[in-house]
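Student: Okay, here's the structure, questions in a sec.
The values are calculated or read from the model by the stated rules, or taken from the named source; none is laboratory data. Keep in mind that what you see is a predicted model, and the values were worked out from it rather than measured. Every residue, glycine among them, receives a Cβ derived from its backbone with ideal geometry; neighbour counts consider all protein chains shown. These area figures cover heavy atoms from the full protein model, side chains too; ligands, DNA and RNA do not enter into them. Shrake-Rupley method; radii C 1.70, N 1.55, O 1.52, S 1.80 Å.
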Amino acid sequence: MTNHSEAAGAPGTEQVTLRNPSELAEALPYLLGFKPEDSIVLVALHRGRFGGRVRLGIPERPGDWPSVADEMAKCLISGCKRKDGTPDGIVAFLCRDPKTTETGRQIMERLHPLAQMLRLACGRLDVPVVETLCIADDHFWSYSCPVAECCPPDGTPLAASGTSVTAAAMTYAGIQVRRPLREMRARLAPWQTAAVPEQERALDAAAMTLVPRILAGVPRVEVADETLDLARRVWSRFGHLPTGGDTLEADLKDDEQLAHDEAARLILGLQDRLTRDHAAEWMEGDEAPLVLRLWRALARRCVGPYGEHAAAPLTLAGWVAWSLGDRVEAGEALDMALAADPRYVFARLLMEACSADLDPEPVRRSLRKTRDERNVTPSGAGSEEDSDGAGAGVAVGAGPVAGVNVEGAAGRKGAGSPVRPSAEDSREPAEDRVTRALEASLRRRGSRRAGPGKGPAQAGARAPRRPQGRRRVGRQGTRRDG
């Protein structure tokens with residue numbers, strides 16, 4: 001469930017007044033910053049102004065609708081109470097485009113019970129739903145208006161995108177609409193092309209090369225350095241490409257710059273928590289947009305049985321997008337990371353912090369401090385602690401490499417590293433420091449972390465997905481708890 005506390009763009013510089021359901025329907029993409037698809041959206045009203053908003057995909061099973069309605073109402077109202085006070089009212093939107101022969105009117109009629117559940121859920125919390133709109137097939141219907149002359153049974157056509165008075169006013173106010181969410185997710189989803197078998201073979205080969213090195217006791221920092229050096233070389237190539245905009249066509253050009261074996265080595269290397277956290281230091285300045293393109297490209301290469309490995313590059317993509325101020329892409333990337341691995345703790349913490357509208361600067365400070373300390377630490381000044389002590393702090397989503405837990409395999413005593421301090425060193429480990437920065441920011445907002453299977457703790461927090469049991473990782477037949 002995503003939370004948006006402000007309109008996209010530069011709110012506050014201009015005021016846009018919405019007077020009727022038609023203008024509300026046309027303004028929705030501008031309120032969120034993107035056109036919602038198959039979504040429930042609740043927007044809070046405070047003294048005639050828009051406040052917090054939450055969005056969630058419409059469940060396919062009607063049996064899930066009552067619990068979803070209750071949870072969304074609780075999330076929005078409790079979050080608004082902490083920030084702006086109890087809302088005066090709520091506007092609800094149900095957005096769905098026809099996927100078969102179903103008409104827009106049939107969609108409206110089928111979703112009518114869900115609209116009623118949302119009204120009742122908000123009413124039980126003493127906040128009225130002042131308007132409920134269904135948007136489907138480029139038309140809208142009001143569930144709150146029974147007057148046929150005002151709201152005809154066949155719906156009211158929406159103005160063509162960007163042509164209405166409302167769109168002009170929103171654009172003048174500096175509020176822009178991003179690409180549809182399906183396009184955003186397509187940039188992060190695994191390939192479905194003829195190149196998939198070749199990429200899968202490259203991942204198999206990289207696993208067969210990397211895992212024996214780890215099991216042989218190769219110093220963990222050596223593998224990390226090799227992965228990070230390769231990553232730098234790849235995203236530097238992106239910087240020499242002609243500027244083609246932030247589009248799917250630009251992604252195709254990026255893919256051409258990344259060989260199958262390079263992608264495989266990077267994906268497998270990023271399963272190590274140490275490597276991933278050092279890669280997270282590339283989060284600002286001129287390098288950040290290039291690095292974001294690399295993480296997207298690697299997420300697209302996590303094909304076949306390596307789908308769970310996408311949690312690392314997707315989490316890094318979400319972190320860089322959030323650091324750059326793009327909460328929409330950050331939320332989608334982190335949501336997909338948790339879909340790939342529901343137990344990926346770093347993704348879950350970032351999701352909570354991003355959904356709670358926290359400032360990413362405390363995390364950036366922690367990463368800068370770690371980088372600065374590493375740059376002045378003599379090579380070989382410390383050693384990795386025993387693998388059974390790796391969980392002394394909060395584990396930040398350590399992932400598997402073809403079925404091997406790299407944190408445990410390469411984290412044995414004696415695997416010398418200039419990065420992490422020795423057991424005798426009183427300084428906080430880098431991974432724990434980043435985690436503590438996130439947790440401290442969440443505590444300052446008065447939120448509690450939602451555990452697996454529980455509802456979101458604050459407005460906008462995505463409900464963690466229920467672990468799917470034991471899942472296959474890699475081709476070696478090894479399995480681990482998901």
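Student: Quick check on region 8-63: of everything there that is acidic (Asp, Glu) and open to solvent by 50 Å² or more (accessible area, probe 1.4 Å), which residue is modelled with the lowest pLDDT?
Tutor: Per the stated criteria, the residue is Glu14.
Student: If I filter region 337-346 for residues that are free of Cβ contacts under 8 Å to residues at least 60 places away in the same chain and open to solvent by 20 Å² or more (accessible area, probe 1.4 Å), do I get at least one hit?
Tutor: Taking every residue of region 337-346 in turn, none turns out to be free of Cβ contacts under 8 Å to residues at least 60 places away in the same chain and open to solvent by 20 Å² or more (accessible area, probe 1.4 Å).
Student: State which residue is least open to solvent (accessible area, probe 1.4 Å) when the search covers only region 120-143 and only residues that are closer than 20 Å to Asp70 by Cβ and part of a loop (DSSP other than H, G, I, E, B).
Tutor: Among those residues, the one meeting the criterion is Val127.
Student: Oh, and also: Against the condition touching a strand residue (DSSP E or B) at 6+ places or on another chain (Cβ under 8 Å) and at pLDDT 90 or above, how does Ala73 come out, does it pass?
Tutor: yes
Student: Also: Take the residues of region 74-104 that are among the aliphatic types (A, V, I, L, M) and closer than 16 Å to Leu133 by Cα: which is surrounded by the fewest Cβ atoms within 10 Å (Cβ to Cβ)?
Tutor: Val91
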